[in-house]
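Working notes, beginning with the structure itself.
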Amino acid sequence: MRYTTIITAETLHQNLANPDWVIMDCRFSLSNLQSGELAYRQGHLPQARYAHLNNDLSSMLGSLTGRHPLPNFKALSEKLGAWGIHSRSQVVVYDDMNGAFAGRLWWLLRCLGHDHVAVLDGGLTHWRRLGLPMTTRLPRIKAADFRAYLNQAHWLTATDVQAGLSRKTICLLDARTPERYQGIQEPIDPVAGHIPSALNRPIQNNLAPNGLLLPAAQLKQQFKQLISNHSAEQVVHYCGSGVTACHNVLAMEYAGLSDSKLYAGSWSDWISNKNRPITALGTIING
C-alpha cells in the first residue's frame, strides 16, 4: 500500500525497517534557523534524514521574491537522490509543528512527480506521546537515482494570480492566522493585510485538539462550504512565504478535493511590488 497524504504513527512504526521507506525530518524555526537541525541531532526518528527549509527546500532570496523562493529543482533532485530517495520510495515527512513545515517537502516531491509521500499525522509530538522510538544515531544512506518529472501546474506566480482574480477564475485561500489576514498584526513581513478577495483558512483549522488531522469527511465539508461554487482545481492557497499553505493543499487532498494550487511566492512575494493591491483592516489599497 502506498501513502500519498497522511500516515499514522502506528503504520510508520511498523515499517521502520522497510528498505524502501525514507523518513525526512523537516523541523524548523523562523526565529532560530539552526534550531531544527540541532533538535534533529539531539533526537529523531530512526533512519530519518534532515531537510533544512532554507538550505535544502528553498533558493536564495532575491529583491523581488518571497521569503522562501522555490528551490532549484535540479539541485533538489540531486539532494533527494543523495538522501536515498528513488522511484519506489515511500517517503514520510514530519516536523514538530503538526506538518506546517513538513508539508513543504510533501508538496515539492509531488511537484517533482513523486506522489508516494505522506505527512506523519500528529508529527513528532504525537510520536513521542505514543512512546515510539527515537535515536541520535545518524542513518547510513545508500544514494539513489532520483528521476524528476517536474510539473509546474502545481503552482501559480503573482502574474497568474492577478490574471485569475481579474477573470474571477480562481478562489484564493489565505492560510495565515486571522490577525495576520485582517492586518491587525504582522510579526514577519513589512506590510500587513491580505490579497483582495482572498478568504481566510488558517491551517490550525485543519487540526483536532490533539494535533491530528480532522477526519476527511469533516475537512471536505468545511472546505466545500468555504469555496462555495468553486471547484477544487480553482482553489489557490497562499500564506506568508508559500510554506505553511502547503498544509491546506494537503488537507484538501486528504479530503478528496484534489488538484488545488499554491501561490508559491505568497504574501511576501505579493507585497514586493508596491503596485499590487492589498486589503488591510477592511480597506483596499492600490485597488
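Every read-out reported here was derived from the displayed coordinates using simple, explicitly stated rules and does not represent laboratory data. All values reported here derive from a predicted model rather than from experimental measurement. Here Cβ is always computed from backbone atoms with ideal geometry, including for glycine, and neighbour counts include all displayed protein chains.
Numbers for the structure displayed
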item	result
Using θ = phi - 60° and Karplus 6.51 cos²θ - 1.76 cosθ + 1.60, couplings along the range 224-236 (whole Hz; Gly, Pro as x)	5, 5, 6, 8, 6, 8, 6, 7, 4, 5, 8, 7, 10
Residues whose placed amide H lies under 5 Å from that of Lys261, excluding near-sequence neighbours	Val235, Val236, His237
For Leu207, distant residues with modelled amide H under 5 Å away	Leu214
Choice from Gln204, Gln34, Gln234 with maximal GNM fluctuation in the chain (Cα, 10 Å cutoff)	Gln34
Label-to-label distance, nm, for residues given as Thr159 and Ser31 (7 Å Cα→Cβ offset)	3.9 nm
Cut-off under 5 Å, modelled amide H: who pairs with Arg49 long-range	Ile23, Met24, Asp25
Measure of compaction for the chain (Cα Rg per 2.2 N^0.38 Å)	0.98
Integer Hz, Karplus 6.51/-1.76/1.60 couplings in order for the range 192-201, x for Gly and Pro	9, x, 8, 6, x, 6, 5, 9, 9, 9
Rounded Å value of the spacing that divides the Cα centres of the range 6-58 and the range 151-172	32 Å
Nearest 10 degrees, 0 to 90: helix 73-82 Cα axis against the chain principal axis	20 degrees
For the range 1-97: Kirkwood Rh in Å [reciprocal of mean 1/r, alpha carbons]	14.7 Å
Karplus (6.51, -1.76, 1.60) ³J(HN,Hα), θ = phi - 60°, over the range 97-108, in Hz, Gly and Pro reported as x	10, 6, x, 4, 9, 4, x, 4, 5, 3, 5, 4
Percentage relative contact order, the chain, counting C-alpha pairs under 8 Å, at least six apart	21 percent
Virtual spin-label span in nm between Thr169 and Ile184, 7 Å along Cα→Cβ	3.6 nm
Distance (nanometres) between label positions extended 7 Å along Cα→Cβ at Lys274 and Ala208	5.0 nm
